[in-house]
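Nothing in this text is a laboratory measurement; each read-out follows from the coordinates by a stated rule. Treat the numbers as computed from the prediction; the structure is a model and nothing was measured.
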Amino acid sequence: MNPPNSAERHRETAQNGTERSNVSLVVNGAKHQLELDNRTTLLDALREHLKLTGTKKGCDHGQCGACTVSVNGERINACLTLAVMHEGDDVATIEGLGKRIIWIPCSKLSSIMMPSSAATARRGRFVRQRQC
């Protein structure tokens, strides 16, 4: 019986006996084709093969959350999953999230973010204005 995605995944045995696969990932909107040892975690594929070091290796047990990435919109611990399990998946790292930030000039920030003092007083809230 053939494994899932066998058409996209080419397997070969290296001289040391480890099995390798060609894995296609979409990382932060860019498509990448990697040849990886089947035991490579998604975290190691991101850090060592794609040089995206924003996702950190912390406890290596999935407890600290330093390796959290988004795969197809779901948060996962990249240290607990193998890269070959994510053939064709859309992976977003902290580097990709940084590209989505919209910068607003400080002069416009206070009018957008700060409610009028009368509205704040009516709601019984105190708001500290951020200094630019």
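Need the full-extension length gain, T18 to E74, defined as separation in residues times 0.36 nm minus the C-alpha distance. One decimal, nm. Working shown, then result.
Working: separation 56, 0.36 × 56 = 20.16 nm, distance 3.01 nm.
Extra length from T18 to E74 when fully extended: 17.1 nm.
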Amide H contacts of L52 (H built 1.01 Å from N, under 5 Å, at least 5 apart or other chain) | R47
From phi via Karplus (6.51, -1.76, 1.60), per-residue ³J(HN,Hα) for the range 51-68 in Hz, x at Gly/Pro = 6, 9, 8, x, 7, 9, 9, x, 8, 6, 10, x, 9, 8, x, 5, 9, 5
Fully extended contour minus Cα-Cα distance, from H32 to Q63, at 0.36 nm per residue = 8.3 nm
Quick one: in the range 11-98, what % of C-alpha pairs are over 21 Å apart?
-> 24 percent
